[in-house]
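Scroll down for the structure; my scribbles are underneath it.
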Amino acid sequence: MLGWDSEMNSIDTTKPLVELRDIRKAFGGVQAVDGVSVNLYPGEVVALLGHNGAGKSTLMKMLAGAYAIDSGETLIAGEKVQIRTPSEAQAQGIETIYQTLALADNLDSVSNLFLGREKLTRWNTLDDHFMEGQARKVFQRLNKNFTNIRVPVRRLSGGQRQVVAISRALYFNARILIMDEPCAALGPEETAMVGGLVKQLKADGVGIFLITHDMPDVFALSDRLAVMKNGKLVGTYRTTDVTEDEVLGMIIAGKRPAGKAQAEHP
Ligand SMILES: Nc1ncnc2c1ncn2[C@@H]1O[C@H](COP(=O)(O)OP(=O)(O)O)[C@@H](O)[C@H]1O
Ligand SMILES: [Mg+2]
């Protein structure tokens, strides 16, 4: 079933999709994530901001099952869960798009779309015909000019690789999407495409954590923003409640804007 065909009407947008509570993670002596709590609602984009080393990726990798948490709680749609592996995260509808566009370079786009989740025929062979047909539909939906889907992805442009990465999230019905600097490797046109896609996914009820350093993207795409510094959460605000200077003050100095209320929900 394709992501954009799925039924989103039944989603209760008043309850958090994700609740991270007092999450901690240390690497040796480095407290990478130090007691962070943040929520994400259906159809909401929460921008996760902070300098390099602030702990953003580590926090998201725990949600994605790439790292184990040291302590804290994760709730998905109100249920306490333990996400120990990437496949456990995927089973919860959590998909990740990394800045490095992590793809298997020697495989083609179809194989990358289905990597680890291949469709088999009833004789237990790879159902290439099915996978290619499905892949073509998803890719074309994102980029009409993307037809060379059978060449190794190392030969593709940044934008085409991003289409493959995002297609994995779409096709497997992500309800929670983590985008870790999704535009870092892209040109302006491709960046605009990712922005359009974020809006489309939002309308479908997908909740998105967006890690980015790009202030225009933050203000164009996010409903709330959460700033981290040295592993700690500085604060969480509605994007429309704060100015760019106030956001930069949080990122650089860890200083909360005076007289502005934090927001636990959109
Ligand atoms: N796998 C790892 N092993 C050791 N230290 C790590 C690892 N991943 C991240 N760190 C450290 O944790 C801190 C937070 O890093 P990270 O989550 O990547 O920050 P951000 O994504 O905000 O740039 C940094 O000090 C970083 O060096
Ligand atoms: Mg990072």
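The values are calculated or read from the model by the stated rules, or taken from the named source; none is laboratory data. This structure is a prediction, so every number in the text was calculated from the model and none was measured. Quick reminder, even Gly has a Cβ in these numbers, built from the backbone with ideal geometry, and neighbours come from all protein chains shown.
Of all residues in the range 243-266, those satisfying the criterion of being of a type in the set (A, V, I, L, M) and within 25 Å of the chain's Cα centre (by Cα) are V247, L248, M250, I251, I252, A263. For the range 178-207, the tally of residues that are under 18 Å from L142 (Cβ atoms) and either among the acidic types (D, E) or away from ligand 2 (no atom under 16 Å from the Cβ) (or both) stands at 20.
For the range 138-178, name all the residues that are among the hydroxyl-bearing types (S, T, Y) and in a loop (DSSP other than H, G, I, E, B). Selection gives T147, S157.
The condition (being among the acidic types (D, E), modelled with pLDDT of 85 or more and within 30 Å of P16 (Cβ to Cβ)) is satisfied by just one residue among E88, E132, E118: E88. Being buried (at least 22 other Cβ atoms within 10 Å of the Cβ), modelled with pLDDT of 95 or more, among the basic types (K, R) and within 18 Å of the chain's Cα centre (by Cα) is a description that applies to K56.
The single condition among (1) within 22 Å of L59 (Cα to Cα); (2) surrounded by fewer than 20 Cβ atoms within 10 Å (Cβ to Cβ); (3) within 15 Å of the chain's Cα centre (by Cα) that Q200 does not meet is (1).
Among the residues of the range 235-265, those identified as touching a residue at least 40 places away in the same chain (Cβ under 8 Å) and of a type in the set (V, I, T) are T236, T239, V247, I251, I252. Applying the set (1) under 28 Å from V46 (Cβ atoms); (2) β-branched (V, I, T); (3) at pLDDT 85 or above; (4) away from ligand 1 (no atom under 16 Å from the Cβ) to T191 leaves exactly one unmet item: (3). V33 meets each of the listed conditions (1) at pLDDT 95 or above; (2) in contact with a Lys or Arg (Cβ under 9 Å, 6 or more places away or on another chain); (3) away from ligand 1 (no atom under 15 Å from the Cβ) apart from (3).
Set side by side, the residues T121, T191 differ, and just one is out of contact with any Leu (no Cβ under 7 Å at 6 or more places or on another chain) and either surrounded by 17 or more Cβ atoms within 10 Å (Cβ to Cβ) or under 21 Å from A64 (Cα atoms) (or both), which is T191.
If you check G35 against the conditions, is it free of Cβ contacts under 8 Å to residues at least 12 places away in the same chain and either in contact with a His (Cβ under 7 Å, 6 or more places away or on another chain) or not aliphatic (A, V, I, L, M) (or both)? No: the conditions fail for G35.
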